[in-house]
Structure formats: C-alpha cells, structure tokens
Amino acid sequence: MAVARRPVIVVLAVALLAGAANAQGGPRLIDGDAALAAAASSGDGTAASPYRLTNLFLKPGSDGTPCLTVHGTTAYAVIDNSACDGTLAPPSAGVAATGVVLDNVANLKLSQFTVRMLVGAHGSAGNATGAVALVLRDVSNVALDRAFIDTLSAGDCSPPAGPEGPPGGAGGSVYGMLVLGKSDQVLIGNSRFFQLHAGAPCANGYGGRGGDGGSAYAVAIGNGASVGSLQVVNTTVEAVHARDGADGAAAKFGDASSHGGHGGSACGLCVAVDTPSLPKLASTGSVQLASVSVHASAFSALYGGAGGAGGVASPASGKGGRGGDAHGVALTADDSSVQAVVASAAIYGCTFNGVYAGNSGAGGAIDAGGDAGGKAADGADASAVEIACDMYATASQGHAVVYNTNVTSIYGGAGGVGGDGGSDAGQGEAGDGGDGGDAKPIKIESCKAVTVQTSHVTQVYAGHGSVGGASAGSPGDGGSGGDVRAISVSNADIVAVPDSVALDHLFAGSGGKGGEHRGSEAGGADGGDGGDAIGVYLLDDCKADASACEIGFTTAKALYAGSAGDGGAPDGDDGDAGSEHNVYTFNN
C-alpha cells in the first residue's frame, strides 16, 4: 500500500534549509528528563502537553557518535520536523555510521524525522562496518511517525596489500531500524524505508576465501531482544539490497583452495542474528516477541546477494558460496544457535511485490590433470511472510494470522554450477550442481493456531537446479529444482485456510543437467529432479484432532512442476519431473 511521500519530502527540505531554530550541526546528546526539558521549545512533559523539540538539523560524528542520542528519559516528548544527514560526515575506519539512538527511553515520538545518506566506514584488511539509521534499546511507548529513512550504505571491505593473506573481509550490513534489549509498545507508522544498500566484501590473494556480502534489513530485531508489542502500520519498505559474496581466490599449486563467500540476506522486518558489522551493538541470546502486527504496509524490491564462486586450485577447488535469502517479514531465526519465540503475529492488509533470493556460486573448475572440481552451493530461499512461533518447544504455542494480503513476484535463487573435474583418464571428481532454492510465499511453522484467509498469491518462481561438473573420472550430478509451496504450514494444532484464498501461477524449478564424462567410457552423471509445485502444503498438522484442520481451499490455477534434468553424456540417467498438488498433506 502506497504511503504519501510529499509531506516527508517537504519536511526534509524544511529541516535542511531552516535556520538555527534549535540546533544545527551535531551530534547531540540528551541525557535525562532535565536535559530534555532544557532542549524543548514548548510543553511540560505530560501526555497532554509533551515537550516539543523542532527543526533539529544534525550530523553524525566522524568517531561514530550518532546524530542524536536520547538516554534515560521518561517524560512525554515529540521531536519533529528534524533531520539527521550523513552526507558530509563519513565515519573513521572501523566505526559504524549511526543516525539516532534511543536508549532507556519511554514516551517519545519521532515525527516527520528524516535520516539520510549514512555511510559505514570501509574496512581495511578486514570486515567493513555497517550503517544503522535508528537504534532502539530498552524503550517503551516509542513511536516513529511519518519518518523517512533514505539512502543508507554500509561500508565496503578494502582488500589487504600483498598477494597472500587471511580470508577476504565481509561487507558491512545496513539496518533501517534495530530493536535491542527489553522493549515494549514500539510503533512504526506512516513511514518509508528506501534505498538500503549493504557493503561489498573483498577477496584476497592466493588461497583466500571470499568475504561474505553484507546483509540489508529495513527493521531488524537483534539478538537477545525481548519485545512486548511491535506495530508497523501504513509503512513502505522499498529497494533493500544485500551484496554478493566475493569469489574465492585461486590457490598456488599444492595448496588447498578457498571457497566463495556467501551472499548477504535481505529483509523488510526480520529477526537479525548477524550484527558483527555493528561492534558496539552486538548481543547474544534468544529473541522473545510477544505481539507483532504489520498492517496496511507494502514491501517491494528486496534482493538477496549472490554467492561467490569457488577458487580454482590443485588438488581440489573451492566450493561456491550460498546466495542470500530474501524475506518480506521473517519472524524466525535462520541461525540454529539462536532461538526466536513468537507468541502472536498478525499480517493483514499488506502487499509484497518483488522478493528475490540470491543465486548461488559455482564450484571452482579444473580443466587439466586429476584434480577435483568444487561443489556448487544450493540456491537461497525466498518468502513474503515467514513465522516460526517456537521451533524448539515440546508443545506448539503461539498464533499466526495472515489476512487480506497480496503476494506477487517471489523468486528462489538458482543453484550454482558444479565445478569441472580433471581431464586425466579415470581421474578427477567434479562438483555436483547446486539445488534450486525454494519459494514459499507464506510459511508458518510450530504455531498452535494458524489462519490464512482472503489473500492472493501469484507469480512465484522457485530456483532452477544447475548443471553438474564434467570430468574424466566422476562427473557431478545435476542439482534438483526448487519447490514452490504457496502456503506452507507445519506442526500446528489448528489450521484454517478457507476458499477465500487465491493461488495461481506457481512455477517450480527445473532440474539441472548431469555432468558429462570426458573419457571414452561410460559414466555420465544423473540429471537433477524437477521441483514440486504445491498450493497448500501441510506437514504434521492437527495430529491430535484431524478436524481442527479446516482447509476450504481446493484449486490452484496454473501450477507448473519443474522439468527433469537430462543425464550427462554418454549414459547418465535423466532425473524425475516434479509433481503438482493443489493441497498436499503429509504426517509423519
């Protein structure tokens, strides 16, 4: 759903052109209620007459000091018609660029507030640093209203001098808003997050592993956070770009090769576990979400980064890096070391248009001798809505609702091409082609009750499997095509998917061709299987009471299973074609 943009742009112009009404320059610290009162132009700090601070035009410090830090306040206050502009204030090396930090704050609203042009520092022979527009830590009753988060860029990695050295550094990650600590009653309304760009990684000299691409998040809930209530209303997220992983560098003869870096992830609203590029903000522990509501909001143009290719070396080439996942809303931790628990999640009246997972990197290839080619990585997954109430609970809990939501153009990433093996007769193992990534527009796991209704999912594409590497010894199998599951629900006690749901144009990925045998004897590799195209997928649901699964949906239009990959010459077996199912139920 579109958000009115003209007032925000006007406010930015006012903030940039206003005189020194309250503050010009920056950075600025407000520590405690007394400082808040002193900075206000009006109000008495009550709910009826909040302190009001207006026309602040601030810049971050080169040492990483935020434009604005508010700490330890409880009085009611509104900061409006203000801006944080990092255009001419790049941070020093090793320092993250930060716009606004609200730390141990209650009863504060940022209204018509712009954060723009923050750029993280480039890394020097190591990881780059990130950029974050807003940090909320241990806050209560805090609102972001008619805000504009515009053009944030994390730092790129700078390669070290010399031909050899450690693995390439990672690109910095970028965050529109990062919620940390114990926070409650957080509202994001009538706002826009636009043009968030993660930083590029770097490769290294001989034998260096490629660095991982930076990730990009519009709104992220960090490690260890406990959030009572988070609401996102009438807000747009657009143009969120993770970065590709760097290629692995070629190794000297006799050295072990290096692998390609992984692509960064892209997400609109997510649990984010990778915060190393924000060294002062990193934390650990499980994530607790009591209530998350996303209403009348739009998410578009989210791009995961591609994986880097494996390096070429003897005796074995490097593996390709995995592409980055892409999600509109993902209330689950994609890292098995972090537990995310969601008590209640509701997505209603939203649109998701254009979520693209990254393609994965190819394995390093070898053209001569008896060396082994690198294995390709599997393609990354894409979703519009992904919710896991509690992946590790012994009994299901939590509730998830998706209502009146439209989803279109969801793409899983393609698998990488398997690296070719050697050409000496009977020698050299080639890498298998990578499997295509799955596309699961609405995916809900381990919740007690799940409802998906009055929603439309269309134009969904899983990634294709890729060709296996060729070899004179053992060629690689083709990768399998990714599956499409328009609505996927697993491990729920109660499930409702009525006939008000419309699903159409679902395209599973094709299998990749098997690698060819370079010798004169038989031995071509098998082709990959095609992926399945499924409208509603139910796994281990309603075990205690089968009647608790009310599936009124019956027919998806235009389902296309993935075609089988051909066997490699001269005699590899073809893979199996995928299958098509309107509703698929499986119980272990």
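The values are calculated or read from the model by the stated rules, or taken from the named source; none is laboratory data. Everything numeric in this text was worked out from a predicted model, so none of it was measured. Don't worry about glycine lacking a Cβ; one is built from the backbone with ideal geometry, like all the others, and counts go over all protein chains shown. Protein only, heavy atoms only, side chains kept; ligands, DNA and RNA dropped before computing areas. Shrake-Rupley method; radii C 1.70, N 1.55, O 1.52, S 1.80 Å.
Carbon-plus-sulfur fraction of the accessible area of the range 503-544, 1.4 Å probe, in percent? For the range 503-544, the apolar C and S fraction of the accessible surface comes to 43 percent. In this simple spin-label approximation, residue 233 and residue 540 carry label points 7 Å from Cα along the Cα→Cβ vector, and these lie 3.8 nm apart. Annotation: aspartates and glutamates with alpha-carbon distance below 12 angstrom to residue 375 (same-chain offsets under eight excluded): 420, 429, 432, 435, 477. Spin-label model, residue 587 to residue 31: label points 7 Å out along the Cα-to-beta-carbon direction sit 6.2 nm apart. Calculate the length of the line joining the C-alpha centroid of the range 455-471 to that of the range 403-446, in whole Å. Spelled out, the Cα-based centre of one part sits 7 Å from the other.
A full extension of the chain between residue 500 and residue 71 corresponds to an added length of 149.6 nm, given 0.36 nm per residue minus the alpha carbon distance.
Put simply, when 461-474, 65-78, 190-203 are sorted by average Cβ atoms within 10 angstrom per residue, most first, you get 461-474, 190-203, 65-78.
Ranking 538, 563, 553 by how far each Cα lies toward the positive end of the dipole of the range 492-588 (charges on Cβ) leaves 553 at the top. For the range 505-556, the solvent-accessible area works out to 40 Å² per residue, with a probe of 1.4 Å and every protein chain left in place. Each Lys and Arg Cβ is given +1 and each Asp and Glu Cβ -1; about its Cα centre, the range 427-540 then shows a dipole of about 340 debye. Gain on full extension, evaluated as 0.36 nm per residue between residue 290 and residue 571 minus their Cα-Cα distance, stands at 95.5 nm. If you sort 494, 149 by accessible surface, 1.4 Å probe, largest first, the order is 494, 149. Between residue 49 and residue 557, the contour length at 0.36 nm per residue exceeds the alpha carbon distance by 177.3 nm. Other residues with beta-carbon under 9 Å from the beta-carbon of residue 463 carry, at +1 per Lys or Arg and -1 per Asp or Glu, a net charge of -4. Highest mean first, the peptides 569-578, 295-304, 509-518, 259-268 sorted by other C-beta atoms within 10 Å per residue fall in the order 259-268, 509-518, 295-304, 569-578. Residue 543 sits among other residues whose Cβ lies under 14 Å from its own Cβ, and their net charge, with Lys and Arg +1 and Asp and Glu -1, is -3.
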